[in-house]
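Down below is the structure, laid out as structure tokens.
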Amino acid sequence: MRTGFEKILRKVLFIDIAEGMLLTFRTMFRHAVTRRYPKVKRPVKFGYRGLHALAKDENGKMKCVGCGLCSSYCPSKCIYIYTRDGEDHNKVVDRYEIEVLRCVYCGFCVEACPFGAIAMSEHYEYSGYCRDDFYMTKEKLLENWNKYFSGDKAEKYFEKIWRPKKDDFSGYEGQAVFKGIKKGEGK
Ligand code: SF4
Ligand code: SF4
């Protein structure tokens, strides 16, 4: 605790100001801990779970077959799939929608999908003025695939993050969500 005399002396000799200036001077040469966002962005780690995308095959066709597993596993129940019977009893996915404002970015949908049909991109900067902007339709999700999974990014994504090479993903049994469940048993 400073005495009254000390306080007056510090004021007369501008000691507080000098100490402040010294601190400022020392800090000027330190490495900045803040970023000038949005000009300088934080690098995203590989496997980051950002905005969703619906994957396309090499022919540009949507991979999703409308099985509904992603929707069943989604803890937020924010995936809506509308299908109808097509030729050869294959399902036709009329609508595939994700309400991303309710999503918790757990990645279960990606993990549950036996076909590698849904992915989570590294894109995290999305904002909007109304809820509709965050309602991802099939068209928007397919467009996200074009935007965020071009080149060999898609293959790397599924191989490194979601499909460890030791696992056989030719059938559903290899998927993490089915591990420990014996074949034939319902869930
Ligand atoms: S990341 Fe999780 S919460 Fe979001 S849509 Fe997929 S399963 Fe649902
Ligand atoms: S689990 Fe995969 S194939 Fe099935 S509906 Fe979801 S995204 Fe489509």
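Table: residues versus (1) loosely packed, with under 10 Cβ neighbours inside 10 Å; (2) at pLDDT below 60; (3) of a type in the set (D, E, K, R).
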{"position": "125", "(1), (2), (3)": "yes, no, yes"}
{"position": "165", "(1), (2), (3)": "yes, yes, yes"}
{"position": "168", "(1), (2), (3)": "yes, yes, yes"}
{"position": "177", "(1), (2), (3)": "no, yes, no"}
{"position": "181", "(1), (2), (3)": "no, yes, no"}
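What's the number of the condition residue 8 fails, among (1) among the hydrophobic types (A, V, I, L, M, F, W, C); (2) in a helix (DSSP H, G or I); (3) touching an Asp or Glu at 6+ places or on another chain (Cβ under 9 Å)?
(3)
Does residue 140 satisfy the criteria of being more than 12 Å from ligand 1 (Cβ to nearest atom), open to solvent by 50 Å² or more (accessible area, probe 1.4 Å) and within 20 Å of residue 44 (Cα to Cα)? Steps first, answer last, please.
On the way: more than 12 Å from ligand 1 (Cβ to nearest atom): yes; open to solvent by 50 Å² or more (accessible area, probe 1.4 Å): yes; within 20 Å of residue 44 (Cα to Cα): no.
Judged against the criteria, residue 140 is not a match.
Looking at segment 109-123, which of the residues that are over 17 Å from residue 46 (Cα atoms) and out of contact with any Lys or Arg (no Cβ under 9 Å at 6 or more places or on another chain) is modelled with the highest pLDDT?
Filtering first and then ranking leaves 109.
I'm trying to understand the selection: among the residues of segment 67-112, which are aliphatic (A, V, I, L, M), open to solvent by less than 20 Å² (accessible area, probe 1.4 Å) and free of Cβ contacts under 8 Å to residues at least 40 places away in the same chain?
Within segment 67-112, just 79 meets the criteria.
Looking at the structure I just gave you, is residue 42 surrounded by fewer than 10 Cβ atoms within 10 Å (Cβ to Cβ), more than 16 Å from ligand 1 (Cβ to nearest atom), under 17 Å from the mean Cα position of the chain (by Cα) and of a type outside the set (Val, Ile, Thr)? Talk me through it step by step, then tell me what you get.
Values: surrounded by fewer than 10 Cβ atoms within 10 Å (Cβ to Cβ): yes; more than 16 Å from ligand 1 (Cβ to nearest atom): yes; under 17 Å from the mean Cα position of the chain (by Cα): yes; of a type outside the set (Val, Ile, Thr): yes.
For residue 42, the condition - surrounded by fewer than 10 Cβ atoms within 10 Å (Cβ to Cβ), more than 16 Å from ligand 1 (Cβ to nearest atom), under 17 Å from the mean Cα position of the chain (by Cα) and of a type outside the set (Val, Ile, Thr) - is met.
Tally up the residues in segment 55-66 that are near ligand 2 (Cβ under 7 Å from one of its atoms) and either within 18 Å of residue 161 (Cα to Cα) or open to solvent by less than 20 Å² (accessible area, probe 1.4 Å) (or both), please.
Adding up the residues that qualify gives 1.
The values are calculated or read from the model by the stated rules, or taken from the named source; none is laboratory data. Note that the coordinates shown come from a computational prediction; the quantities given were computed from them, not determined experimentally. Please note: Cβ atoms are built from the backbone with ideal geometry, for glycine as well, and neighbour counts cover all protein chains shown. Calculation scope for accessible area: heavy atoms of the full protein, side chains included, ligands and nucleic acids excluded. Shrake-Rupley method; radii C 1.70, N 1.55, O 1.52, S 1.80 Å.
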